[in-house]
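The values are calculated or read from the model by the stated rules, or taken from the named source; none is laboratory data. Computed from a prediction, not measured in an experiment: that's the story for all the values here. Neighbour counts run over all protein chains shown; Cβ positions are idealised from the backbone, glycine included.
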Amino acid sequence: MKRKDDTLAIVFVTVLTVIIWIWSATRTEDTRNISTTLHFKAPEGSSVTITPESKPVRLTFKGPRASIDTVEELCANGLHIPISLEDGDATINATTTVNAIDAVRISGAVVITADPSTFTIHVQSLVTVEASVQFSLPSVQVSGDVTVDPSTVLLQIPTEIRNSMAESITVTAVVDDNVLAKLEPGIVHTQSAAITLPDYLENKGIIVEPNRVSLSFKIQSKTGKTTLPQVRVLIAAPAEDYSEYAVSLPVKVIPNVSIEADNELIANIASGDVTVYAIVRLASRDMEQQITSKLVTSFVAMLEDGTGVQVQATVEDISVLDVALAITPVVAPTP
């Protein structure tokens, strides 16, 4: 009987020892370095952007081992920091900020150091602006109207940027070239198009809703591009004026001209079978005033049968389109 009592006593003491050991282990003060990421979050429903949105930090926690185990689990997926500040820069103290999180505070562990200890975030409130949508179908010519649905989108723009902008804003809906290349002419197509912002709004934290729209269009023909190292300038003026005035060109070519036209025409231009000219049109008054320069009016591809087809053209330096002229009166022959 005594042996049985001794066994029970031993078991009791062992269990009690284990419980005391576990309790002691969990209550022993400890320090631990934990790396995590702080994610900054604006109040629910607010229109605010925060830059940067997150920041990596190395925290040193102190507290009972069980408490530190708890905060280490909390830090595994990063810590969310609520931000409610006015527009502008703000300095965040990492130690104070993390210790103020409810889950950390309840755990019983505290942050004693942080690296970095402070950092700066930028808070911007947003305003909602309606923008009209134009379309871009860069490699095709369309027949008839192009339908954009919806025709407007909403932009959330930082207040300080909006205040420096024009009243109206236009964005562009673009269908990818690879998609357009697979579409057949003569059929109405409906395609999803991505919204692109004007250059002055790129990388400014603009939120677009929706960020894609639908374009419906019929392709008349597919277009291509080629770049010509130079294009000759032709003067077009009333024939009768040449009896009174002579026109010469100090510079006779426009350099580096990119041409866009129907694929077949582009192929003929690229091969040299069709020549493109830069046309400068002069009126009788221009001759009489002996103007010294005039802008190129159009670019025309001259077909073999003498027909001129106007093409779209772009140049790297638009100043070359202002063609210098030398207009002089024709001296009448002495009778």
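Considered as a group, the residues in region 303-335 that are touching a helix residue (DSSP H, G or I) at 6+ places or on another chain (Cβ under 7 Å) and over 30 Å from S221 (Cα atoms) include one that is modelled with the highest pLDDT, and that residue is I327.
For region 64-82, how many residues are touching a residue at least 40 places away in the same chain (Cβ under 8 Å) and buried (at least 17 other Cβ atoms within 10 Å of the Cβ)? I'd like the intermediate steps shown before the answer.
We begin by selecting, within region 64-82, every residue touching a residue at least 40 places away in the same chain (Cβ under 8 Å); these are 64-68, 72, 75-76, 78-82.
Those still in the list that are buried (at least 17 other Cβ atoms within 10 Å of the Cβ) too: 64, 66-68, 75, 79, 81.
Adding up the residues that qualify gives 7.
Scanning region 174-226 for residues that are surrounded by fewer than 12 Cβ atoms within 10 Å (Cβ to Cβ) and closer than 23 Å to L265 by Cα yields D177, N178, A181, K182, E184, G186, I187. Within region 277-296, the set of residues being among the β-branched types (V, I, T) and either closer than 16 Å to D317 by Cα or in a helix (DSSP H, G or I) (or both) comprises just one member, V296. In region 43-63, the residues that are not assigned by TED's automatic domain parsing to the domain that holds V208 reach residues that are charged (D, E, K, R) and surrounded by fewer than 18 Cβ atoms within 10 Å (Cβ to Cβ) with C-beta atoms within less than 6 angstrom, at least six apart or across chains, in these pairs: R58/D115; F61/R32.
Among the residues making up region 33-54, those that are small (G, A, S) and part of a strand (DSSP E or B) are S35, S54.
If you go through region 276-302 and pick out every residue that is touching a helix residue (DSSP H, G or I) at 6+ places or on another chain (Cβ under 8 Å) and either free of Cβ contacts under 8 Å to residues at least 40 places away in the same chain or not aliphatic (A, V, I, L, M) (or both), you end up with 3.
Scanning region 109-124 for residues that are surrounded by 15 or more Cβ atoms within 10 Å (Cβ to Cβ) and of a type in the set (G, A, S), we see that the one that is nearest to T170 (Cα to Cα) is A114. From the list L265, L234, L249, the lone residue that is more than 30 Å from P329 (Cβ to Cβ), surrounded by 13 or more Cβ atoms within 10 Å (Cβ to Cβ), out of contact with any Ser or Thr (no Cβ under 6 Å at 6 or more places or on another chain) and not small (G, A, S) is L265.
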